[in-house]
Structures are given as structure tokens and as C-alpha cells.
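Notes to accompany the following structure.
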């Protein structure tokens, strides 16, 4: 078909209904055939349709990341301050502020860009390739080059590269959880289905990014890229608005408040000086600039960015990749975690735990796909011969593929076991998790799949379907006879059996034994075990052996039951207990049945085990759900759409919610959560793109560690915000008071800038790595409406500002208006002094300048003391304080420092004055803290 004819057909189709049309019509509309496309036609279609990739998953451009660094109000306050300083000729001040802005934005850009590159690297590691028929020949190509009309081939373990209509299949089963949320594999077939058939029940279709569990098939591609089912979900996801974290909102609000304070203070001083005083306009302007510089905490954005980046780095070391820096802090305010069960709370490795055979029950030890384990009865080890026949059946009636992969190359989506005899490789199981569990259980008994397959070569198979609920394989025995092995739902297996194997002998299956077996099946199910029944037929007729069908499944000999469970991760119970102690409720949302979900919940220690199922959820209106949502810990048999509704109800109740997800249909809930968490191992690209954090190990304990890290970061942010703003408040109050008292500038703008950026900024940066308080995971999460600046911190900022002014103003006046001690012999008593020297404005400003540095060193430890942190608990802070003091001394006692900052060197008598003032300041702070303790919380 020509390109124009194909275009006309595709543009005229308004509703393809690929699943309900005859296969000939599908080929006709696509301009294809069983032979597939020729290379030239495929190239033209690729040019027209575009690559088979989902828009929005290619990542964020570097330019956009850079632009986003300039969205903070505080950044713009700094930019305005730099412009003001440049306008009045203070080019050094302006250059320093501009340099700070560049540093902050570049630092944030580098961190965000690195996170985005890591996400893209994850995607490149999982690039999908497709086997396609082009020009009548099979070839392998990058799946992004597929186009509608291509004929593709899939087999066990493959990721389906595009939406496609099935042409032929052999025992084909597909895991569509990424799209539908359904955890059970879907058996596929050739044919047509009703146009109104739901997506999850279209068994003649394959969908992009789903996974082939077993079997093989051929299909014709019908939709690619954004037109696929997954692509359409991703496109709709782009319409969801990005949510600012509470911390981002708080920082923006803080920047606006600071800007307002600057404008108000400058206006008041300007009017007072011009109307009431006799100060020259230039002096008024310089005073206004001094107020502006003192009000703006230049070091705050750098400190915040660095603290968040360090937190993100620590989280990356703990397998949590942060995609947006501010979300690190938001984790600390989470009070509800909605988590998947499979793979997050559990190992995602089904494990046989109980076997019932011959009237006895045996326990199977070991977890996951580790083949080390033994068989026990009443706590005592028993010989595997007791369970050999039922395990042999489980391995032979099984379609698991097994291979190896290099350890350092990571995974490709298969399940992994232990070493396979090569120190550099490990086993990889491809197939249904239930069949893998049966396979591994047989390996624990010493069965080797290669040897067993050689001893019992398969002659045929009656495939599993959802209607039959069983599977049967026919084999030749070592003696040359023919035997059939069956596995399936216990009730369907039992109804096909009339005999039972007991102690190696075949006996009649009595009604009493049927009742016992049914009761045992119920007991296993109540223990949340997934139960399968096993049987065999030792005397298969030759006619059935050649072409087995349902007829072979009669007069079977019952072998027993195997009960399996996806066990909880060993670290989950402790992690969940830590969350509950921290006031964080954990909600399990799973597609599994209520019995299994409740049993897992009880084992890991959920707060309660009230369960609401998906059907029950659909019968509730929003008011009913909102009323009970706080009391429910488990939602079972849910779909991804239910996740979004649960999220909305929790947020409507005022909760800050972290939501995990892996499938594409989880993406809307992940994106709209306060903290969206994607699974890095089994998650899809779309979900990762919608998330704030990607868990590289898919482990719930990593979420707990991230919450702890988030709380630590917020504590540190709150500490240095308190520290910097109380210091800046003191500077504003000091400059304002001096101006109103007619003293002019008591400290120069460049001196203020030095304090804010260097002698304040360096210790504040080191506070970003302060260790966590001992009670950090024993507190309740902070209320969603509680910002960084609490009532206690606000009163601290005001109180400390006043105390600094009360203690520093006397230092200025005494050294500005005359000698402190009449008759004091200054000869040789201080560096740079000479007989007849009289204190000056420069000296008085130097006293205030240095006094601020000393006061804020005292202040920093007073803040940390309330968090239970000693002076030497952070070696970086000790070093930072030492560096700050050294830099201040360089300013005071070097010619360059004296020239740049207009300072006078201080003598011993001046240091004694500053020490006395600092002592008074410390006493006032201690008294003030005692008063605050009576009216405010600790933090």
C-alpha cells in the first residue's frame, strides 16, 4: 500500500476497535499482511508517525532545569540587592551578591540535572528491542522504530514493544499489571471479542510495556508511541499540575516577607531621615542600602540548596534517587504512606511454605528463589522422599525457563536465584511467579530440571486457561510408558481424581479423604497461602499421548497440595514499626485478595487489619469513604484508579501523603501525591517520570529511611533559618535603631554582607550535616500548615534581635564618643594604637562588626542545644567556626582586610568589651529560652 493510501485510511478511522474486528480487516486497514512491511514502507511510516516512544518520558531539558532555579522570590531579592549596590557604586558588594546568586543557581542546576541524568540512565539500561518481520525476514531492531503494520514476535520474558493484535500464539500468558493493575497473568488467544469488552479482558490483544510470562506469539502492531494505551495515559498525565512542596511554598513566602520588610524599613528610615533629621540624601540612601542588605539573608538559599543536596546524596546512597531537591524536606512532613504490597512490603518471590501429601503436612524452609532449604514435619527434618512425587509433578508440569546473567549487568526483568555454578553468573527464572515457586521447591529436594526433562521428555500439553483453571503435560517415563501430570486449582484437580498416592501406593480416594483435603485447602488459604493441587495419571493411552486434550484429564491419582506465599521482606516489620512510632500511618493498597492482604498485614504489624475491597470501595460515595479512610490500613482487590480516589480522600482530610506505584495506571496517583514514589526495578518509565523519588531497590524500608532523612533535613533547615534570620534581625534592628538615634550607619553594608555570607554562611552550611536528634522518629509529623518558622522561632528572631541591639549598641556609643576608661594608657596596649589616639566611627563600627560575629557563634550553639546536640557532635561545624573566626581576624589584622572593610584593629581592651557583652547576651538568651519553654513546644 502506498503512503498516501495508508494515510487516508488511518485518518478516516475514528474508532479502530482493533480487538473486535476480523484479522483480515485489521491487516487491510494497516496496509500490512502476515509477511509484514518492507523496509522502505516502514521507513516512510516512521517518518510520518514518529518514533515508538511516549512523549514526556524523554526527560527535562537542561535549559528548563536552569530556568527553574530562578523561580524563588528569595533569589530575586538577592538580584535586586545586587542591582541596588551596583547603582550606588558599591561594586564589590554587588559582585559578591551576584556571585552568590550564580553559585546558588548553578549548584541547584547541577543537582537537578544529575538526578535527571540518572533517571535517563535507568531507562537506557532497559532499552527494549523487538523481533520483527521486515521484507519477509525476521530481524531485531530498537523498539522505538516500530510502526503500525509491523509483524512482531514475542516470547517468555519479553517486554511487549507496542499495542498489537495477536495473529498466533502458543500457551501465551502476559502480565498486564503495569497497565491494568491486575496481578494475575492473562492468557491470550487468537480471535475476536465484543467491542464493549474491557481493556483487562481483551485476550486477543497485546499492550505496550506489559511482560510476557510464558509461551510465545506473533502479532501485528496496531498502535505505537503516544497512541498506545499506555501512551494515552501518559498524555493525560501531562495535564496534571505540578505541586509545590510545603517547603517550596514556605521559602517563597519567606522571600516575599523579607522583600516586604526591606521596602517597609527603607521607607520608614528614608522618611525619618529626610523629614526629621538633617542627614544628606546620599547618607540616607546608604543607610537604606544597609537596611536592605542586613534584611536579606544572602547565605540562606545556598545553605538550603546545599542541605537538600547533601540529603539527596545520602538518600541516593540508601537506594532512593531524588528527582526534585525540595521533595527531600517534604518527606519529613509525611503522615501517611500508601504502599504497594508485592515487591515493596514483600520479596516479590513466591515461596512454597507448606506441602500436604498422603495425609501428612510438611513445612518447607527457605525464602524467595534461594534453593537452600529443607522439609520438616512437627519441627523435625525429614527425607525429601516423602514429598518427591508432588514436587516432581510441580517441576514437570511447568513452563519456567532458566538461564544465567552476569551479576554486574543488573537485571533484565527476570527473577533471580543463587549461583549457578559460575561465580560470575546467577540463575535467572523466566515465567509465572507461581510456577517459579514450584520449580524452586523441587530444586530444594535435589531435582535438576535438565536431568528431569531428559528422563521425562514432554510429549504434549493441555494448556492452562482461566476457564479450565488447570494445566496438564504428557511425558514419556524412563521405562517407556506415558504419564500425565496435572496442576491447578485444588477443586478442579480433585474433581478429576478417583485415586490417591499414599506412602508410595495408589489407593482409592474416599469421600472422607476428599473432605480432609478440602479442609486442608481451606486452612492453607486462611494462612494466606496460594494453594495448588497436583495429580498424575500413570496409564495414559497411546492415542492421548500423541494429541493430548481434555480427555487425558480423567482417572487421575491425587498427589497433594502445595501452599505458597510471597513472604514479607525481613526488614519491613522494623521499618513499619518505626513509621508508626513516628506518627506515620501505613496503608497497604494491593490487587491481591483480602485474605492474603490481611495475613501479610498481621505479619508485618500494621496498626489494624480492617480491610476494604475494591468492590466495596466502588459502592461508597466520597462522604462515606472520607469518614472511614483514616481507620483503614488495607485496601484489597483494588485497581490503579482506586489509588487516586484513596489519595484524594486522605488529602481532603488534611494528610500529607506519600504514594508508591509502578504501573502506568499508578502514575496519576503518584504525580498528585504530596510525595510520589516510583519503583526503580519494576516501575515503568511513565511512573518514574511522574514521581519525585525513585526507589532503586523497591523496598519499603528505604521509604522509612527517606522519611527519617527528610525530618533530619527539615530540623537542620529550621535551625539555620532560625540562626540566619535572628542574626539578620539583629542587624536590621541595630541599623534601624542607630539611624533613628541619629548615629548614622553603625555598621557598613559590606561588613553586613561579610557577616551574612562568610562568618554566618560557613557555620550555617555545616549545620546542614548536623546529626539527627535522638527523638527524631519519636515525634508526630509536623502539621501540614506548620511552616519552617513556628511561633517559637518567630519570637526567637524578634527577641534575639532586641538582645543583640541591647548588647551591641553600648559598644558602638562608648567607642564612638570617647575612651571607655578615662585616663586609660593606650600606649602599647593594643595593636595599632599610639599615644593620644582617640576612638573613631571606624573603630565603633568595627566593634559592632566583630561583636556580631562573636554573638552569632554563641547563638549557633544555643540553637543546637535544644536539639540535644553537643558542641563537638558535628566536627564540620567546629571546623567552620574556626574558619569563620580566622577569616574575621584576617579582616581585622591585615592591610587588605582593613582597606576593603574600613575597619580598625582591635586591642585587648576591645576584646574584653566584646566578651563581656557576649556573656550578657548568653544570659539573656538562657532566660528567654526558659520563658519560651512555658508557652511553646520544644521546636
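Just so you know, all these numbers are worked out from the coordinates, no wet-lab data involved. Note that the structure is a prediction, hence the values are computed from the model and not measured. Please note: Cβ atoms are built from the backbone with ideal geometry, for glycine as well, and neighbour counts cover all protein chains shown.
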Least to most buried among 456, 113 (fewest other Cβ within 10 Å first) | 113, 456
Proxy exposure order for 920, 931 (fewest C-beta within 10 Å first) is 931, 920
Ranked on Cβ counts within 10 Å of their own Cβ, fewest leading, 133, 45 go 133, 45
In what sequence, highest mean first, do 512-520, 307-315, 492-500 appear when ranked by Cβ atoms within 10 angstrom?
-> 307-315, 492-500, 512-520
What order do you get for 790-798, 327-335 when each peptide is scored by the mean count of other beta carbon atoms within 10 Å, highest first?
-> 327-335, 790-798
